[in-house]
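Taking it in order: structure first as structure tokens, then the write-up.
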Amino acid sequence: MTLDEITKTAILPALSLIGVKNTQEALVELLAIGLQESRFIYRRQIGGPARSFWQFEQGGGVKGVLNHEVTQSKARALCAAREVEATPAAVYNRLEHDDVLGAGFARLLLLSDPRPLPVLGKPDEAWAYYLHNWRPGKPHPQTWPGFYQQALEYVR
């Protein structure tokens, strides 16, 4: 899936449903993370349990977004709009097939971080932000600069 397709068919609709303004900083981070996690090819982690282009695990990111004081109400509203029960198991099972739900949970996970999103053009700061929020089991720092640059160029 191209960055334009994922933006138009998943990210922007998700932002509308959760009532979060689209910013360039958020869009770059979401696109770079999606590229890093799945290349926008894999909705199911190869050899692992994660689901969606943003690779959420049921007991990790899904549960966290559903229960975090900042994101809980928006997550429940998103679940209602996507006609999925707002439970970790139900959301997790739907994520593989619902890109809007995946994009919404990804944006809400970023929203749960009280720190501001990284400034555009700062790939190292964006990498640190990603690591802090996604906590990848096997990070691949060598691929991040290229993915970040691709996302930045698309947004600009």
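Along the range 109-126, what does the Karplus equation 6.51 cos²θ - 1.76 cosθ + 1.60 (θ = phi - 60°) give for ³J(HN,Hα), rounded to whole Hz, x for Gly and Pro?
With coefficients 6.51, -1.76 and 1.60, one gets 4, 5, 5, 6, 7, x, 6, x, 4, x, 5, 4, x, 10, x, 5, 5, 5 Hz.
Any of 8/74; 8/63; 63/122 with alpha carbons more than 23 Å apart? Name them for me.
Details: 8/74 20 Å; 8/63 26 Å; 63/122 30 Å.
Too far apart for the 23 Å limit: 8/63; 63/122.
Can you compute the charge dipole magnitude of the range 63-137 about its Cα centre, using +1 on each Lys and Arg Cβ and -1 on each Asp and Glu Cβ, nothing else charged? Give it in debye, rounded to the nearest 20.
On the way: 9 positive and 9 negative charges, 30 e Å.
Here the size comes out at about 140 debye.
May I ask for the distance between the Cα centers of the range 6-56 and the range 121-148, given as a whole number of Å?
Result: 14 Å between the Cα centres.
In deg cm²/dmol, rounded to 500, what helix-only [θ] at 222 nm does the chain give when every DSSP H run of at least 4 residues adds -39500 (n - 2.57) and the total is split over its residues? Before the final figure, lay out the partial values.
Values: 9 runs with 86 residues, N = 156.
Using -39500 (n - 2.57) per qualifying helix, the result is -16000 deg cm²/dmol.
Nothing charged except the Cβ atoms of Lys and Arg (+1) and of Asp and Glu (-1): what's the magnitude of the dipole of the chain about its Cα centre? Round to the nearest 20 debye. Kindly include the intermediate steps, with their values, before the conclusion.
Numbers: 17 positive and 16 negative charges, 34 e Å.
With only Lys, Arg, Asp and Glu charged at Cβ, the dipole is about 160 debye.
Using Cα-Cα distances under 8 Å and only pairs 6 or more residues apart, what relative contact order does the chain have, in percent? Don't jump to the answer; show the numbers that get you there.
Numbers: 203 pairs, mean separation 46.7, N = 156.
It rounds to 30 percent for the chain.
Considering the range 3-155, what Rg and Dmax in Å follow from its alpha-carbon atoms?
Using the Cα atoms of the range 3-155, the pair Rg, Dmax is 13.9, 39 Å.
Throughout, read-outs are computed from the coordinates displayed, never taken from laboratory work. Note that the coordinates shown come from a computational prediction; the quantities given were computed from them, not determined experimentally. Virtual Cβ from ideal backbone geometry, glycine too; neighbours counted across all protein chains shown.
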